[in-house]
Amino acid sequence: MKGFNRARTGLAGAVATFTILALAACGSSGDGGDAGDGGEGGDDLIRVGFSQLGAESGWRTANTESVKASLSEENGFDLTFVDAQQKQENQIKALRDFIAQDVDVIAFSPVIETGWDEVLQEIKDSGIPVVLVDRTVDTTVDDPYVTWIGADFKAEGTTAGEWVKENAPDAKIFELQGTLGSGAQVDREEGFGEVVGDQIIGKASGNFTRAEGKTAVEAALQAYPDMTMIFTHNDDMGLGAIEAIEAAGKKPGVDIQIVSVDGVRDGLQALVDKKFNYVVECNPVFGDQLAELIEKVAAGEDVPKETIVIDKAFDQTITQEEVDARAY
Ligand code: AHR
């Protein structure tokens, strides 16, 4: 943002201490391109560098669509969007490129929680405010971000655990974990484990993808022949689990129950088809809320330190009409 006089120090303190002296922008939308795509955006646009962690799941695709739709030029943003393909080094490179571009706001969804200290310090030194999206960071840097928006992953795990406790107290559970070290994996595991940890007979990661979920369940069917339930950290891995269970000649949802998180259309369809037993929603459509936060951050206005996106939960009473009406 040239011709923009932004306070470059003291940003790490309380949100309210963050000062923006003027608003102006240049550059244009970098739609899915490399950081540095830049271009000919209007002078009044807010320049945002967004590092998305990947495109590993239906949830992520819906989240990306929501972010891009809301951070549009018509809405006053000049977005440079970079997909890191689930690699932290790609995210770190994108963040450094955003510093070099001197964007107004950096937003990113960290693939895992740790390993950000150096780059977060560099961003802090540059004075560019950070908006953390979806997942969380574990860092030694003081006040590394202005605000975070995302779901309460621990509560999602707890909700899943409570359903199991009430509906399948004798289930022998295999836990299909997301990307190890990600906020979503760490917190869902903790929330679920606190309620029904004594029922878990094995765990492995499927990295939040359908293919790796299937592979992990193929191995688990051999290793834990007595399993009667899978708690999967997302729908995509659960859909992979269905393939593995059916290939082994068993009935998903009956011989092996499946409790999942996300609530994308394919996951809810599996619930209607009685192959999933329970789904805790993780709502990816928060682009408008994110846009509002970024606008305020760029204007130096106060924002809450965190915004929790509201989730629901679904059991097999869900109807086909509800699934068909689902936006993602
Ligand atoms: O961080 C949110 C999680 O990431 C979603 O549950 C999962 O589908 C995605 O890959």
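Taking the listed residues V285, V280, V272, the one that is within 16 Å of the ligand (Cβ to nearest atom), of a type in the set (V, I, T) and open to solvent by 20 Å² or more (accessible area, probe 1.4 Å) is V285, with no other qualifying.
Scan region 208-220 for residues that are within 16 Å of the ligand (Cβ to nearest atom) and open to solvent by 40 Å² or more (accessible area, probe 1.4 Å) and report the count. Final tally of qualifying residues: 4.
One residue stands out in region 96-118 among those that are farther than 24 Å from A55 by Cα and out of contact with any Gly (no Cβ under 7 Å at 6 or more places or on another chain): the one that is least open to solvent (accessible area, probe 1.4 Å), namely D104. For region 221-239, the set of residues classified as open to solvent by less than 20 Å² (accessible area, probe 1.4 Å) and more than 16 Å from the ligand (Cβ to nearest atom) consists of M227, M229, listed by residue number. Looking at region 59-82 only, could you name the residues that are within 13 Å of the ligand (Cβ to nearest atom) and of a type in the set (D, E, K, R)? R60 - this is the single residue of region 59-82 that is within 13 Å of the ligand (Cβ to nearest atom) and of a type in the set (D, E, K, R). Of all the criteria given as (1) more than 14 Å from the ligand (Cβ to nearest atom); (2) in contact with a Phe, Trp or Tyr (Cβ under 7 Å, 6 or more places away or on another chain), the one not satisfied by D117 is (2).
Please verify whether F314 is farther than 17 Å from A184 by Cβ and within 16 Å of the ligand (Cβ to nearest atom), treating the condition exactly as stated. Considered against the rule, which asks whether it is farther than 17 Å from A184 by Cβ and within 16 Å of the ligand (Cβ to nearest atom), F314 comes out as yes.
Would region 292-304 turn up any residue that is of a type outside the set (G, A, S), at negative phi, touching a helix residue (DSSP H, G or I) at 6+ places or on another chain (Cβ under 7 Å) and within 16 Å of the ligand (Cβ to nearest atom)?
No, region 292-304 contains no residue that is of a type outside the set (G, A, S), at negative phi, touching a helix residue (DSSP H, G or I) at 6+ places or on another chain (Cβ under 7 Å) and within 16 Å of the ligand (Cβ to nearest atom).
Here I245 meets each of (1) open to solvent by 10 Å² or more (accessible area, probe 1.4 Å); (2) farther than 30 Å from T80 by Cβ; (3) not charged (D, E, K, R); (4) not in a strand (DSSP E or B) with one exception, condition (1).
Within the set V186, V196, V261, the sole residue that is open to solvent by less than 70 Å² (accessible area, probe 1.4 Å), in a helix (DSSP H, G or I), of a type in the set (A, V, I, L, M) and within 16 Å of the ligand (Cβ to nearest atom) turns out to be V186.
Could you name every one of the strands (runs of 3 or more DSSP E) located completely within region 53-155 that has at least 1 residues being closer than 20 Å to V186 by Cα?
105-108, 130-133, 147-150
The values are calculated or read from the model by the stated rules, or taken from the named source; none is laboratory data. Every value quoted in this text rests on a predicted model; they were computed, and no experiment measured them. Heads up, the Cβs are rebuilt from the backbone with ideal geometry, glycines too, and the neighbour counts pull from every protein chain shown. Side chains included, ligands, DNA and RNA excluded: accessible areas come from the protein's heavy atoms. Shrake-Rupley method; radii C 1.70, N 1.55, O 1.52, S 1.80 Å.
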